[in-house]
Amino acid sequence: MSLLQGVLLIIGMLHSTVEGAWEVNETRLHKELFKGYNKHTHPRLPGTGPVTVTFDFQLIRILDVSARSQYITTYAWVNQFWKNNLLTWDPKEYGGVEEIHVSPEDIWVPDTLLYNNIDEEERIGGGRTTYTTNVAVQSDGRNTWLNPAMFKSICSVDITNFPFDDQECLLKFGSWAFDKSKIDLAVKNGSTLNSYYIQNGEWKMLNLSVKRNALKYQCCPHEFVDITVRVHIRRESLDYILKLIIPCSLISSMIFLGFVLPPESGERIGLSITVLLAMTVFQQLSSELMPSYGFPLLGQFYFAIMLEIGASLAVTTLILNFYHRNRRRMPKTMRKVILQWVGRLLFPCKKPKNWNEIKLSRQAIRRKVTNCSDLEAKGGLSSSESVSCGEDDYQCPKEKSTRCDQHVHTWVMQESGAVQTLSPNGARSGNRSFCNLATSPTNACNQNGGLTKDWFKKLKKNRNFRSRDKKSGRTGKKRPSSATLLNRPLAMDSLPFGGNHMLDWTEEKLKNQKEWIKAARVLDRLFLIISIIVSIVTLLTIFLRAPRFRLY
């Protein structure tokens, strides 16, 4: 046991002696190496060229890219290598000491600064004030200076293609005091992106390159060498697509509903104004994600959408104006362009109505009604024969259709686009549009395709088929015929279903109103197709201008 303790004691003493000797050798090396050394002296020996500093820039992370303030903040490792011939020694003389670490305040170090630095706290961006780690000095004079640092440099951020933009930022390093004749910078390797790089959530690294430049400035006759680090990054656009582009597109697509909504609903203008207000509110809420200056692609898209919504509001007003017209006749050129050319193109399965045939059929019916009324006035027909005569006159042609003529028993309201139809019990069927009436059977038709007998009985009992003046019968005045009554304006309260407003039974106004309603339907379909095409073209034209979508 005592022998083992003695061996351990001897080993401990030898180790302490070696460490002491090493410390003594390194201390002696420091004392002798820096004896009479001036840290401000340039390490170039007489007759030799400039000191070559090998510069190595390793980007670790992109911290921030500010479009408003035009700067980029990065975290990187900066490594510099050079040879100082004034700091050499023989390791054999100092117990094999080949490397020592000294403070940059005690030896000469290159003043490699960031030219485009704008950091208010670190105003120089290099040199002894930024790089504070010790310098490794080897026995042959080689110096190694490894430093981590944060740089805030000027970057010209172009937000024209936001949010599909690519940016290039330059970090320019070089000596501020020594020209090319005293310090020459060299690049260690072409790639400055290592495995320690940490991805940024907003920006994707595309390329990182380093280039040596030698430029002559107005201040000095000699060239100055610099190392330019080019950072090529691309903005991650998925977040902006989900938060800005898709919601905006969905809001703008609601203008399509304005051309599908029936005009008689009365909600078209309200829908267009609601979409416009929704778009305005959305822009206010998303303004924090948008650049505060310039006119980027996303801003152009918003502006185009606002114009489209405003145009749809104006077109909707025009269509509603067409729909409710019934007094003015449509110009011949407009009728030919809208109803014939555009209508046939947009509604190829529907044939235009032949108003000449309708007019001839009405005239024939009126002639028959006049004959029946004249015979009745002369007393040549009984009441049952009169009803039968009138019923036969209004029978629908079975070989053509099982529906009654919509233009015979449909009463058209003045100053309105609505119609009133007669039901078998003599009551009003309610407001219905001409578009709906054109595709729905008439309630007054019986199973055989004609008007019912009850309808004629109620019509004959009405006071329109008697003299308006009760005294006319006593004075011997002739009672007006049915044809005369059909040609005069009728009152709603004079019909079997009652009412107080005047009705327009003229064929010309009915034809005019039908034409304007059909024109409104054609314009609805036309502008619906145009709005869809314009929205898609606007979206593609604006955003496909970004460089990332170009095929070359």
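Backbone geometry of the stretch 127-132 corresponds, through the Karplus equation with coefficients 6.51, -1.76 and 1.60 at θ = phi - 60°, to 3J(HN,Hα) couplings of x, 5, 6, 9, 9, 10 Hz, x marking Gly and Pro.
The packing ranking, built from the mean of other Cβ atoms within 10 Å per residue, places the peptides 47-53, 246-252 in the order 246-252, 47-53, highest first. Residues in the stretch 216-260 near a label at residue 207, defined as backbone nitrogen under 14 Å from the 7 Å Cα→Cβ point? Residues passing the 14 Å test: 229-234. Annotation: amide H-H contacts under 5 Å for residue 142 (H modelled 1.01 Å from N, sequence separation of 5 or more, or interchain): 84. For the stretch 270-276, backbone phi angles converted through the Karplus equation (6.51, -1.76, 1.60; θ = phi - 60°) give residue-by-residue couplings of x, 5, 5, 5, 5, 5, 5 Hz, Gly and Pro being listed as x.
Given Cα positions, please report Rg to Rh for the stretch 77-185, the hydrodynamic radius being the Kirkwood one. On the Cα set of the stretch 77-185, Rg over Rh gives 1.13.
Averaged per residue, what accessible area in Å² does the stretch 161-268 show with a 1.4 Å probe, protein chains only?
That works out to 52 Å² for each residue.
Accessible area per residue (1.4 Å probe, heavy atoms of protein chains only) ranks 269, 154, 542 as 154, 269, 542, with the largest value leading.
Probe radius 1.4 Å, ligands and nucleic acids ignored: give me the carbon and sulfur share of the accessible area of the stretch 224-275 as a rounded percent.
69
Would you mind checking the pairs 152/188; 152/180; 83/152; 172/211 and listing those with alpha carbons more than 20 angstrom apart? As for pairs spanning more than 20 Å Cα to Cα, those are 152/188; 152/180; 83/152. Using the Karplus relation 6.51 cos²θ - 1.76 cosθ + 1.60 with θ = phi - 60°, the per-residue 3J(HN,Hα) values for the stretch 244-251 come to 10, 6, 5, x, 5, 5, 5, 5 Hz, with x marking Gly and Pro.
Between residue 60 and 75, 76, 77, the built amide H atoms are under 5 Å apart, and every one of these is 5 or more places off in sequence or on another chain. Give me log10 I(q)/I(0) at q = 0.12 Å⁻¹ for the stretch 127-255, Debye formula, one equal scatterer per alpha-carbon, no solvent. For the requested q values the scattering log ratios are -0.69.
Annotation: amide H-H contacts under 5 Å for residue 175 (H modelled 1.01 Å from N, sequence separation of 5 or more, or interchain): 113, 225. Averaged per residue, the stretch 306-352 has 66 square angstrom of accessible surface, using a 1.4 angstrom probe with ligands and nucleic acids left out.
The values are calculated or read from the model by the stated rules, or taken from the named source; none is laboratory data. In this text the structure is predicted, and so the values were computed from the model without any measurement. In this analysis, Cβ positions are derived from the backbone assuming ideal geometry, glycine residues included, and neighbour counts consider all displayed protein chains. Side chains included, ligands, DNA and RNA excluded: accessible areas come from the protein's heavy atoms. Shrake-Rupley method; radii C 1.70, N 1.55, O 1.52, S 1.80 Å.
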